[in-house]
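Below: the structure, in structure tokens.
The values are calculated or read from the model by the stated rules, or taken from the named source; none is laboratory data. Not measured: the values here are computed from a predicted model. Glycine gets a Cβ as well: all are built from the backbone with ideal geometry, and neighbour counts include every protein chain shown. Accessible surface areas use protein heavy atoms only, side chains included; no ligands, DNA or RNA. Shrake-Rupley method; radii C 1.70, N 1.55, O 1.52, S 1.80 Å.
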Amino acid sequence: MLLSDVLAVSAAVAATRSRTAKAAAIAALLREAGDDEVRPVTAWLSGETLQARLGVGWRTLSRLTPEPAATPALTVTALDRTLTDLAATGGPGSTSRREELLGALLATATLEEQRFLFRLLTGELRQGALEGVVLDAVAAAAGVPAPLVRRSAMLSGSVPETAATALGGGAEALEATRLQVGRPVHPMLASPGSSLDAALADLGTGVTVEFKLDGARIQVHRDGDDVRVWTRTLREVTDAVPELVDRVRALPCTTAVLDGETLALDDDGRPRPFQDTMSRFGSDAADAGVLLSPFFFDLLHVDGRDLLDEPLSVRLDALAGLLAADAHAALRMPGVRSPSPEQAAGVLDDALAAGHEGVVVKALDAAYAAGRRGRAWQKVKPVHTLDLVVLGAEWGYGRRAGKLSNIHLGARDPHGGQPVMVGKTFKGMTDALLDWQTETFPGHAREQADWGVLLRPELVVEIALDGVQRSPRYPGGVALRFARVLRYRPDKTPAEADTIDGVRALLAGG
């Protein structure tokens with residue numbers, strides 16, 4: 001299969017907003033792909049590569065301008081092989097070796113293929129093929145039920161692997177996919193709740209109300225003495241968090257898969273700044289000055305028993321049993337099961353008094369829907385917050401002269417297009433943050449001007465706001481009210497930012 005075949009489908013997907021049409025186009029391509037082509041083609045149409053870290057950035061690619069090929073000849077297999085070679089290149093001389101590999105690759109590509117590769121390798125390939133659409137396409141191509149494909153993907157943690165399984169073995173192979181200790185699953189996510197009362201009214205009395213910490217999501221797998229830790233994006237951070245490994249290794253079990261959050265606490269037991277927690281995931285060696293405390297709220301497996309499909313009430317019972325000893329009780333996320341409205345309000349008050357964000361209200365009869373942001377879990381915070389993509393920044397004035405200050409904010413397009421701008425803000429920025437933006441943003445720039453920089457959609461920032469209002473000024477028809485920066489979210493990708501639909505839902509009466 002030629003790369004040009006993939007480009008034709010990518011263009012067709014980008015040209016339509018119909019989910020059905022997108023899935024049909026991708027399915028047709030996957031049916032034509034060979035066994036060794038399904039994985040890379042699926043990854044590329046999802047806007048990613050199979051090779052997690054290529055060591056290739058915008059600056060490297062911008063230095064390479066080989067004459068494009070006149071006719072399409074680059075194959076899927078040859079491109080995937082080159083990307084594998086790039087990922088394996090390291091050590092002295094690796095920079096020149098990467099440029100040599102990239103130069104040879106681009107010389108075999110047509111102009112349109114070069115443009116596609118540039119966007120693919122820099123993470124800017126936004127063609128409307130979101131994960132859900134690709135999974136629907138896999139189901140159609142393999143002639144299997146879509147729910148079976150989605151479940152396999154959540155358990156394997158990989159859409160390309162799921163595609164290969166479905167097309168290679170059909171429904172029987174997909175059904176054989178199981179939770180595997182040592183292989184992370186996509187975490188279940190919570191939807192924003194407008195208020196505690198509204199969440200309780202929506203979910204009823206059969207709920208648990210738990211603290212919502214200002215920390216980092218973790219998934220911990222134990223197999224004997226082997227303990228491994230992943231973040232919410234399924235990036236392994238085991239070597240950076242030895243204290244978490246030790247706490248889980250001490251539990252009275254042989255195998256387990258735990259879901260929870262971790263954060264750094266001060267001497268009074270209050271949360272330290274979020275950046276202190278995230279600093280532990282940014283280096284290979286643990287920072288002895290910042291210790292992380294784990295808080296677990298779910299148990300997906302224990303000693304050979306899978307719990308994913310059990311209701312939350314059963315999973316919580318199993319978790320309580322695992323953490324029953326006094327030595328492990330502090331590992332349990334604080335909360336109250338089946339609370340009265342007064343007790344639920346008390347949990348929220350206690351969480352806020354302790355310096356945390358709010359609470360999460362969870363339906364006790366819900367199974368673990370990995371990778372889904374459904375209504376079964378609802379997070380309630382006293383202040384509206386959104387995770388948005390930074391699209392640009394303007395040079396400041398007065399005291400902020402020489403600093404990149406006013407940032408442009410975009411919400412995720414649920415159809416896979418470019419982020420939709422919803423406002424700007426310069427509020428909430430410390431001098432340290434202004435310095436960080438000024439130093440960091442040029443490395444993410446796609447265009448520089450006298451007024452500032454336009455950025456590739458790579459950075460996610462958490463914004464507090466008083467609400468939104470209708471506005472013809474921005475393409476999404478809404479604008480943020482009194483937006484201010486809370487923090488940047490290196491633990492989140494632009495694909496996890498809030499959608500423009502979610503922003504519109506905050507309109508009064510929306």
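Before moving on, here are some points about what is shown:
- Glu161 vs. criteria open to solvent by 40 Å² or more (accessible area, probe 1.4 Å), at pLDDT 90 or above and either within 14 Å of Val6 (Cα to Cα) or of a type in the set (Phe, Trp, Tyr) (or both): no
- Within region 361-380, if we keep just the residues that are in contact with an Asp or Glu (Cβ under 9 Å, 6 or more places away or on another chain) and not hydrophobic (A, V, I, L, M, F, W, C), the residue that is surrounded by the most Cβ atoms within 10 Å (Cβ to Cβ) turns out to be Lys362.
- Subset tally (residues that are outside any helix (DSSP H, G or I) and at pLDDT 95 or above) for region 34-51: 1
- Residue check for Gly417: at pLDDT 90 or above, farther than 28 Å from Lys212 by Cα and open to solvent by less than 30 Å² (accessible area, probe 1.4 Å): no
- Subset tally (residues that are crowded, with 23+ Cβ neighbours inside 10 Å and of a type in the set (Lys, Arg)) for region 13-30: 1
- Only residues that are open to solvent by 30 Å² or more (accessible area, probe 1.4 Å), more than 24 Å from the chain's Cα centre (by Cα) and not hydroxyl-bearing (Ser, Thr, Tyr) were counted across region 429-463, and they come to 9.
- Index of the failed condition, Thr385 passing every other in (1) polar (S, T, N, Q); (2) closer than 30 Å to Thr438 by Cβ; (3) free of Cβ contacts under 8 Å to residues at least 60 places away in the same chain: (3)
- Any hit, region 228-242, residues being within 17 Å of Asp214 (Cα to Cα), touching a Lys or Arg at 6+ places or on another chain (Cβ under 9 Å) and among the small types (Gly, Ala, Ser): no
- For Thr254: the one exception among (1) surrounded by 20 or more Cβ atoms within 10 Å (Cβ to Cβ); (2) within 20 Å of His328 (Cβ to Cβ): (1)
- Scanning region 313-336 for residues that are more than 17 Å from Gln219 (Cα to Cα) and in a helix (DSSP H, G or I) gives Ser313, Val314, Asp317, Ala320, Gly321, Ala329, Ala330.
- Of note, Ala363 satisfies the criterion of being at pLDDT 95 or above and among the small types (Gly, Ala, Ser).
- Test: residue in region 338-345 that is in contact with a Ser or Thr (Cβ under 7 Å, 6 or more places away or on another chain) and surrounded by 15 or more Cβ atoms within 10 Å (Cβ to Cβ): no
- Selection count, region 31-48, where residues are of a type in the set (Val, Ile, Thr) and open to solvent by 30 Å² or more (accessible area, probe 1.4 Å): 0
- For region 260-280, the condition holds for at least one residue, the condition being that it is within 20 Å of Leu299 (Cα to Cα) and of a type in the set (D, E, K, R).
- For the residues Val134, Val149, Val144, Val207, the requirement of being more than 23 Å from Val13 (Cα to Cα) and among the β-branched types (Val, Ile, Thr) singles out Val207.
- Residue check for Glu99: modelled with pLDDT under 90, part of a loop (DSSP other than H, G, I, E, B), more than 30 Å from Pro147 (Cβ to Cβ) and open to solvent by 30 Å² or more (accessible area, probe 1.4 Å): no
- Residues (open to solvent by 70 Å² or more (accessible area, probe 1.4 Å) and closer than 21 Å to Arg446 by Cα) located in region 51-91: Arg53, Trp58, Arg59, Arg63, Thr65
- Lone unmet requirement of (1) surrounded by fewer than 18 Cβ atoms within 10 Å (Cβ to Cβ); (2) farther than 18 Å from Thr499 by Cα for Phe426: (1)
- Selection status of Asp309, in a loop (DSSP other than H, G, I, E, B), open to solvent by 50 Å² or more (accessible area, probe 1.4 Å) and in contact (Cβ under 8 Å) with a residue 40 or more places away in the chain: yes
- The listed residues are Ala353, Ala401, Ala411, Ala325, and the only one of them that is within 30 Å of Leu455 (Cβ to Cβ) and open to solvent by 40 Å² or more (accessible area, probe 1.4 Å) turns out to be Ala401.
- The strands (runs of 3 or more DSSP E) found entirely in region 214-279 that carry 2 or more residues being in contact (Cβ under 8 Å) with a residue 24 or more places away in the chain and among the basic types (Lys, Arg) are 216-223.
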